[in-house]
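The values are calculated or read from the model by the stated rules, or taken from the named source; none is laboratory data. Treat the numbers as computed from the prediction; the structure is a model and nothing was measured. Glycine also receives a Cβ, built like all others from the backbone with ideal geometry; neighbour counts cover every protein chain displayed.
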Amino acid sequence: MLRIVTVYQPAARPPDRAQGDLVSLNMGYIRWLRMSEELARLGHQVDVAVADELVHARGAPRDRESRGDPAWPRPVGYLAPPLGRVSLTRVRWRDYDVVKTDYHKGFETLEQFGGADHPCIIAHLGSTVSPEDRPGIPFYGDIRAQLFTTQLRIHQRARYVALLTPPARELWQECVGPRERLLVVPGAADRDVPPPVRNPYPATSERTILFAGNVYNPQSQPEAHALLIAKLNRLGQLLARRGARLYMMGTGDVTHLDQQHVTYLGALPYQDTWDYFHFADVGVVVAPGPFLHNNESTKIYSYLRVGLPVVSEAGFPNDDVVREAGLGFVVPNDDLEQMADAILEAAARDWERERAIRYILRHHTWDQRAQLYRQVLARDFPGR
């Protein structure tokens, strides 16, 4: 057994239903918690490093860690041991065998709280950028430069670097330099999900089309944000003419979303999202550019996990998952007319949905991703 602490961001706080907190979990939170839980299920003692008030909430003693929180979203039937919580201001990094960070912000948080000299850091990144603005990487100017500078520090300090896709690994080696212990650990879906309970959509004869994801904002990724909003607005208009309704759930600035043609469901608590997946007719993916050099679309895994047909705009490195699952279409980038046609065809077709679910369970769940870390940790810590 190893002692592992995982780090995401300084104010990291999962939602707490007991306190009426309905903050949605974006993919950053989902990945951070799921991978932490899967490492615990492998037999390790895993703590998540969080803001002080979470460790000391509800009368917990201030001089010891708090283990487990039933309000944190956990899949039905999930067997992972409870996670511990440790304060970022009090954590003793050298008490842990491994420190795992998530995203650029996770490593920057580790630096901020004095843990960047730990001898066994696993730094996972959700995006990989280059030293200059480049097509297919939706970060530009000062934001992109800051991310790249963080990558250089990660290259120097981390024992392992985990990236999402093979193109991300190639970009890293080209721009940062070759290195050993460079891993590819994509996103995934939950192995266990709640069964369908209640149709949350309005009673209507229209087809129900779902986009579940982050549309960013003008401050962090302005170009990607503007393009995603424009595509959703146009797609919503095209679908309305064909007797279908586009719904969006997720985070980001939706000020300019055309809610005459796109119904915004809000940023929902993670466990409340599954009925929206179960009862939709089609799940859609739109790309913030002609192609994405190294970012994947994680929503593809979740759509397919519940047997929801997918229509994805070409451009993501994991497009092939839709084809391999045999449940949906990949359409040419920036041809929204053809995408709308494909969505209606996908909604009407009789699919082998169980085949796609079995494919995801065999290849693309969080427990399978954790096995990649299990293999490298077994080499570094034999016998433990």
Over 22 Å from D133 (Cα atoms), of a type outside the set (D, E) and in the same structural domain as E111 (by TED's automatic domain parsing), is that true of Y201? no
Evaluation of F291 against (1) closer than 23 Å to S130 by Cβ; (2) crowded, with 22+ Cβ neighbours inside 10 Å; (3) aromatic (F, W, Y) (one fails), failing number: (2)
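For region 229-263, which positions are of a type in the set (S, T, N, Q) and part of a strand (DSSP E or B)?
T263
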Give all pairs with beta carbons closer than 7 Å in which a residue from region 344-366 that is among the charged types (D, E, K, R) meets a residue that is in a loop (DSSP other than H, G, I, E, B); count only pairs at least 6 apart in sequence or on separate chains. E352/G326; R353/G307; R353/L327; E354/G307; R355/G326
Check off (1) at pLDDT 95 or above; (2) in contact with a Leu (Cβ under 9 Å, 6 or more places away or on another chain); (3) farther than 16 Å from R207 by Cα for I300 and give me the number that stays unchecked. (2)
Residue match in region 97-105 (condition: in contact with a helix residue (DSSP H, G or I) (Cβ under 8 Å, 6 or more places away or on another chain), under 30 Å from L361 (Cα atoms) and either without any contact (Cβ under 8 Å) to a residue 12 or more places away in the chain or aromatic (F, W, Y) (or both)): yes
With L183, L171, L147 as the choices, which residue is part of a strand (DSSP E or B) and under 30 Å from N333 (Cβ atoms)? L183
Being of a type outside the set (V, I, T) and in a strand (DSSP E or B) is the filter; apply it to region 82-140 and report the residue that is surrounded by the fewest Cβ atoms within 10 Å (Cβ to Cβ). S87
In region 183-217, residue farthest from V306 (Cα to Cα) [restricted to those that are crowded, with 17+ Cβ neighbours inside 10 Å and among the polar types (S, T, N, Q)]: N214
One residue is enough: does region 60-83 have a residue meeting the conditions at pLDDT 75 or above and either within 24 Å of the chain's Cα centre (by Cα) or farther than 19 Å from D190 by Cα (or both)? yes
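If you take just the strands (runs of 3 or more DSSP E) that sit entirely in region 276-384, which of them hold at least 1 residues that are at positive phi and more than 18 Å from the chain's Cα centre (by Cα)? I'd like the intermediate steps shown before the answer.
Numbers: elements: 282-285, 310-313, 328-331.
Per the criteria, 328-331.
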